[in-house]
1. I need the GluC sites (Glu not before Pro) found in the range 211-241, filtered to DSSP loop residues with at most 16 other beta carbons within 10 Å of theirs.
2. Which three semi-axes in whole Å describe the equivalent ellipsoid of the range 79-189, each the square root of 5 times a Cα gyration tensor eigenvalue, listed largest first?
3. Applying a 10 Å radius around every beta-carbon, put 60-67, 23-30 in order of their mean neighbour count, most first.
4. A 22 angstrom limit on the alpha carbon distance is what I want to check against. Which of Lys58/Lys206; Lys124/Lys206; Lys105/Lys220; Lys140/Lys206; Lys31/Lys245; Lys245/Lys299 exceed it?
5. Peptides 106-113, 160-167: what's the order by average Cβ count within 10 Å, highest mean first?
Amino acid sequence: MKPAAVLFNTVLSTGFVSKTSCYFILIQEPKTWTEAQSFCREYHLDLATVQSDQDRSKIQEIPSSLSWIGLYDGLCAWRWSFQDQDLVFQNWGLSEDTTTRTQRKCGVISYDGTWHTASCDEQKNFFCFKLTGNKFVFYKTKLTWREAQRYCRMDFVDLAIINDITDNRYIVNLFVTYGGYEGWVGLSMNLWLWSDQSNVNWLSVKWSPGEPDNARGNDKCAFVNETGLIGDEECLQRLPFFCTKRSQMQLVRVAVRSAGALDESAVVTAVEEKIRQILSEQEMDAGSSVTWRVQADGKIFQRQKTNSRNTTTACEERSTAVRLPRDTNQRPTWL
């Protein structure tokens, strides 16, 4: 009894596109930002996240004017890291700009007790707090704000929270005892957020010159221009918009010619290996998978009958779903 022979020579056609980090689709029907978000979430994945050179390059490939993306104004208020508490006491330095909207800012306390803003990606000393004993602990190790937050939460409670002038003076005394110029405390302000909940990488978010300008006084949603640079606009304005496409699933049919009894396991393995080989050659293997459709009788392949005669042929076939990366925009052809 000979093993089943699978005809691979006409299984897949060429025409796959190269793998990219993400794939955007432009919806040209103008909508408000909220309407655009709902549309993208229903029919695709979400409004587009654009914060890398590769993302901007993909935007430039699609002719467009100003179009919504997934960036929106978050909570424009300073809050404490611990339990997301509001500020009940403040000691900002004179002329300190606490309302900037160009990037996420975090708070530091200086040796003189005044508070200042800084990019959260800078590395600084930091203060943790605990619930027993000495309330604050000073670390002269330099970390980013997020790294310092993780450290404090792991070994103590959180980054320092300053509720009154007594807390402020306690920290100043730690500068006197241990030295140092400034250190992170638990202050931060999430100015802009992505609709798909991606982390905002402020070093890679590129604003158009002069943006965000809040020209209308209530510009809380972001658009992208034809070069991939970002600006702000009122969310009720009606603009075209970019969505991120969801992963595509292609339903294909595999025909198998057997000279004897069909070894399903061998055929399935052979087909999957061939598909992986083709996707790898086309640089599309990452994020791709194959799922077979199993019938009620537990089998994948079923014997096919001809229409002209009520007889059984030597061909058996069954469908399989091939999940391709979300940047695929051409269908493979199965013969």
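1. Answer by residue number: Glu226, Glu234.
2. Values: eigenvalues 70, 49, 40 Å².
Calculated on Cα positions only, the semi-axes equal 19, 16, 14 Å.
3. Working: 60-67: 13.9, 23-30: 16.2.
Highest to lowest by the protection proxy: 23-30, 60-67.
4. Cα-Cα > 22 Å for Lys124/Lys206; Lys140/Lys206; Lys245/Lys299; rest within.
5. Highest mean packing first, the order is 106-113, 160-167.
Read-outs throughout are calculated quantities, based only on the coordinates presented, and are distinct from any laboratory measurement. In this text the structure is predicted, and so the values were computed from the model without any measurement. Virtual Cβ from ideal backbone geometry, glycine too; neighbours counted across all protein chains shown.
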